Amino acid sequence: MANQDEDRLLEHDYDGIQEYDNPMPRWWLWIFYATILFVPFYYVAPGFMGEGPGMIAAYEADVAAHTAALPPQPAAMDDATLLAVLADADELKEGGEVFTKNCAACHRADGGGLIGPNLTDAAWIHGGAPSAIYQTISAGVLAKGMPAWDRILKPDELKEVAAYVMSLKGTNPPSPKAPEGVVDTTTAAPSVGK
Ligand code: HEC
C-alpha cells in the first residue's frame, strides 16, 4: 500500500524538475472525510445557524445559574433597625464622627451639600426612607461620584452614619445647596416607623 506508492515518480516534468507522488496518509484522509460527514450534524446542532439558544443565551443562563448559587446578599437594612440607631445617642455620635471623616468633604460638615447633595432638606434623589438612605450610602452612586461605602466602612459604621444622615434632616444649615430630587416624606423622623 503505502510502500507501493513510495518513490513513485509522477509523469510531469516541470522544466526538468520531477516530483514523487506523496499521497496523504490514510488516517489523515479518514479524519478529513469524517469532518465532512460531521457537517450536517453540526449544521443542525442547537446554537448554530440561528437555531437554539445560541452563545449569548447560554452565557446568560450560566451567569444566572452562577448568581443563583452565590450566597444571598446581606438583607437590606430595615427602617426599624436604623431608627433604633437614630434613637441611641452614643451610636449617633459615632455616626457623626464617621460623617466628619468620610463624608464632609463632599456633603459639607453640616450636611448642607457641596459636591454631593444637601442632606438636610426633605428632597432626596434616591429616596428618604431610612432603608433607602442606608442603601444609597452602602451601594453608592458610582456614576455620579458617590462612593460605595460598604467597601470602606464597617457594618456598624454604615448603620451609624446612615442614622446620622437621618438626624441631619431639618437642621437648616446656612447657605445650603438647593434641594435636589423629590420631596420624600417617609424621611428619617424618629416618629416614622415602629
Ligand atoms: C466624593 C464625594 C462624596 C463623598 C466622599 C460622599 N458622597 Fe454622598 N454623594 C455624593 C454625590 C455626588 C451624590 C449625589 C448622587 C446622585 O446625584 O445620584 C451623593 C449622594 C448621597 C446621598 C443620597 C442623597 C439623595 O438625595 O438621595 C446620601 C444619603 C449620601 N450621599 C451620603 C453620604 C455619606 C453618609 C457619605 C460618607 C460615608 C458620603 N455620602 C460621602 C458625593 C459624595
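From ALA69, ALA76, ALA148, which residue is at pLDDT below 95 and touching a Leu at 6+ places or on another chain (Cβ under 7 Å)?
ALA148
Every residue, every condition in (1) more than 21 Å from ASP78 (Cβ to Cβ); (2) surrounded by fewer than 20 Cβ atoms within 10 Å (Cβ to Cβ), yes or no:
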| site | (1), (2) |
| --- | --- |
| PRO130 | no, no |
| SER138 | no, no |
| LYS144 | yes, yes |
| ALA148 | no, yes |
| ILE152 | yes, yes |
| GLU160 | no, no |
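Any idea which of (1) part of a loop (DSSP other than H, G, I, E, B); (2) more than 9 Å from the ligand (Cβ to nearest atom) is the one ASP150 doesn't satisfy?
It is condition (1) that ASP150 fails.
Limited to the range 82-124, what total is found for residues that are of a type outside the set (A, V, I, L, M, F, W, C), part of a helix (DSSP H, G or I) and within 10 Å of the ligand (Cβ to nearest atom)?
Count: 5.
Which condition number in (1) under 18 Å from THR171 (Cα atoms); (2) modelled with pLDDT of 95 or more is the one that GLY128 fails?
Single failed check for GLY128: (2).
Would you be able to tell me the number of residues in the range 165-194 that are at pLDDT 70 or above and either closer than 10 Å to LEU119 by Cα or in a loop (DSSP other than H, G, I, E, B) (or both)?
The qualifying residues number 19.
The values are calculated or read from the model by the stated rules, or taken from the named source; none is laboratory data. Here the structure is a predicted model, which is why all the values come from computation and not from measurement. Note: ideal-geometry Cβ built from the backbone for every residue, glycine included; neighbour counts use all protein chains shown.
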